[in-house]
Structures are given as C-alpha cells and as structure tokens.
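The values are calculated or read from the model by the stated rules, or taken from the named source; none is laboratory data. Quick caveat, the model's predicted, so the values are computed rather than measured. Cβ sites come from the backbone with ideal geometry, for glycine too, and all protein chains shown count toward neighbours.
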C-alpha cells in the first residue's frame, strides 16, 4: 500500500515544509483540494455531512491546485501530486488541459488529475458553467483531455464541444485520471478511467466498492490494467488494519498522518514530527 498526504484546509506556509518532509520520509504522494470561492450562504446542501453543513470554516485557505502543484513540484524530487478533487465541469477543457500538461512537464510527469462533478450550484453559476448535465459534459471533457494531451493533431465534434483541428503542447499522454465520489455514476466513471478516490469510509465499505469497480472493469475489458483505489479510512489505525485494507483492494491510503498523534490543530513542527512517526510506526512495518 502507498500513502499520500491530504492537504485540505492547510495554510500556504505549511505546504512546502510538509511536501519536503513527505518526500524525504517515503510517502507516495500529496493530494491538493479545490474550490474557487466559498459563499457565505448556500441553497445547495453540502452532500458529505448529515446536516448539510460544510466541513470548513469561513476564510479557510483554498489555494489554486495547479499553481500549488507547480510550486511543490519544484521543491520535491519524487513525490507525486494529484487533485482531490478538481471540479472538472466547472471549467473549460482547454485551460485544464494546458494547466495539467504544464504541471506534468515541469515535475517530470509527477501529476495525476483527480476529478469530481461538483456539488455547489452557486459556484458553477459564478464561473459561468451549467450545473445541469455536468456529468455528461465531464465525460466528454475527459475524452477531449486525453486527445489534447496526446501530442497529435486533434479534431473533436461532440454534444458539448466542437473543436477544429488543432494541437496542444506540451503533451502529457501518461497523466492518470482518477474519479472521486460515492454515487453509482461516480463508480462507473472511475471504472472507465485509471482510479477512484473515496470519501471517508471503512475497510468493509472499501472492499464492497472494490468489488463493484472490479466487476465493471471486467465488463469493459480492463481487468488486467492498473487501477488505483485511493481511500481515506475511518477504521484503520494499526499495521494489521492497514494490511487488511490492502487485502481488500486498497492500493493507496490518503491521510493526515499527524492526526494519529496530536489531532489536527497542532503546530507545523508537530505535523512534520507526526508524519515521520507514522512512516516509522506504520509504513515501514507493512509487508512489502
């Protein structure tokens, strides 16, 4: 199992030191979160809490993911970066293709695009993108992104985008695409691509999701292709529990490792110390 650092809600002054420490300690990657704005009042309920309230307070930092990945890539050597998750249909495909391929070129191919369909209709409205049909539009965007990254001449005529013959450089043909979400549509979209990113779930839930994804990939003829299952676990603390998650099909654990030792509201140095301690206590002791 590989381990990646979740960075949601962290301040900009913490990201560089944490990325460097994670790189040195043997973590696989770092996930960067995404929102453009945070409205004071919403009519759209937040879908990942029982009461519909957001998990963060006003004025929580939300850095631009691709600027952040470019900056962190410059101060690390092997750490991988992915978005968790980038609200794909809230943007246009050409800007996204350029941002991702540029980040890939500048980091030596150390990026993946993790996408979600979004939940906040008001944010879509402010960015000038339609909230309706966002899933279908995102599917076409993913097809177009792969074509734009191919390094070849591209022409595309679809339901939402009509693209004359063009090329986009730099190319990025090997960028993995991961899909976040717990809905049936999200699971099917993930199965068609390179990986799935979960919300906070249990090991048993992860096993069930893996079975569903594997069944869909088998139907698509993708059973033998690599697939990343990036899971945040709510019931894994010990080496044995993480090993059981790996047996369930989890390939990557996404975590804030310092939380196991001091919680979330601690100093930067305590976070770095916890990051190293988790690497010694858990990562170094897992089989393989």
Unmet requirement for residue 15, which otherwise passes all of (1) exposed (fewer than 15 other Cβ atoms within 10 Å of the Cβ); (2) part of a helix (DSSP H, G or I); (3) under 18 Å from the mean Cα position of the chain (by Cα) = (1)
Within segment 148-182, the residues that are more than 23 Å from residue 118 (Cα to Cα), surrounded by 14 or more Cβ atoms within 10 Å (Cβ to Cβ) and without any contact (Cβ under 8 Å) to a residue 40 or more places away in the chain are 150, 151, 154, 156, 163
Here are some residues: 185, 243. Which one is farther than 30 Å from residue 271 by Cβ and touching a residue at least 40 places away in the same chain (Cβ under 8 Å)?
-> 185
Somewhere in segment 255-266, is a residue touching a strand residue (DSSP E or B) at 6+ places or on another chain (Cβ under 8 Å), in contact (Cβ under 8 Å) with a residue 24 or more places away in the chain and either closer than 25 Å to residue 139 by Cα or outside any loop (DSSP other than H, G, I, E, B) (or both)?
-> yes
Taking the stated definitions as given, is residue 189 touching a strand residue (DSSP E or B) at 6+ places or on another chain (Cβ under 6 Å), assigned to a helix (DSSP H, G or I), modelled with pLDDT of 95 or more and on the phi < 0 side of the Ramachandran plot?
-> yes
Could you tell me which of the residues 135, 70, 114, 118 is buried (at least 22 other Cβ atoms within 10 Å of the Cβ) and in contact with a helix residue (DSSP H, G or I) (Cβ under 8 Å, 6 or more places away or on another chain)?
-> 118
Within segment 55-67, the count of residues that are assigned to a helix (DSSP H, G or I) and either at pLDDT below 95 or surrounded by fewer than 16 Cβ atoms within 10 Å (Cβ to Cβ) (or both) comes to 1
Looking at 27, 86, 46, which is the one that is at pLDDT below 95 and either buried (at least 22 other Cβ atoms within 10 Å of the Cβ) or closer than 23 Å to residue 187 by Cβ (or both)?
-> 46
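Yes/no matrix, rows are residues, columns are (1) more than 20 Å from residue 227 (Cβ to Cβ); (2) in contact with a strand residue (DSSP E or B) (Cβ under 6 Å, 6 or more places away or on another chain); (3) in contact (Cβ under 8 Å) with a residue 12 or more places away in the chain; (4) not in a loop (DSSP other than H, G, I, E, B):
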site	(1), (2), (3), (4)
69	yes, yes, yes, yes
72	yes, no, yes, yes
78	yes, no, yes, no
97	yes, no, yes, yes
102	yes, no, yes, yes
115	no, yes, yes, yes
119	yes, no, yes, no
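Conditions (1) surrounded by 17 or more Cβ atoms within 10 Å (Cβ to Cβ); (2) in contact with a helix residue (DSSP H, G or I) (Cβ under 9 Å, 6 or more places away or on another chain), marked per residue:
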| site | (1), (2) |
| --- | --- |
| 212 | no, yes |
| 215 | no, yes |
| 219 | no, yes |
| 227 | yes, yes |
| 232 | yes, no |
| 236 | yes, yes |
| 239 | no, yes |
| 247 | no, yes |
Residue 52: passes all of (1) free of Cβ contacts under 8 Å to residues at least 40 places away in the same chain; (2) surrounded by fewer than 22 Cβ atoms within 10 Å (Cβ to Cβ); (3) on the phi < 0 side of the Ramachandran plot but (3)
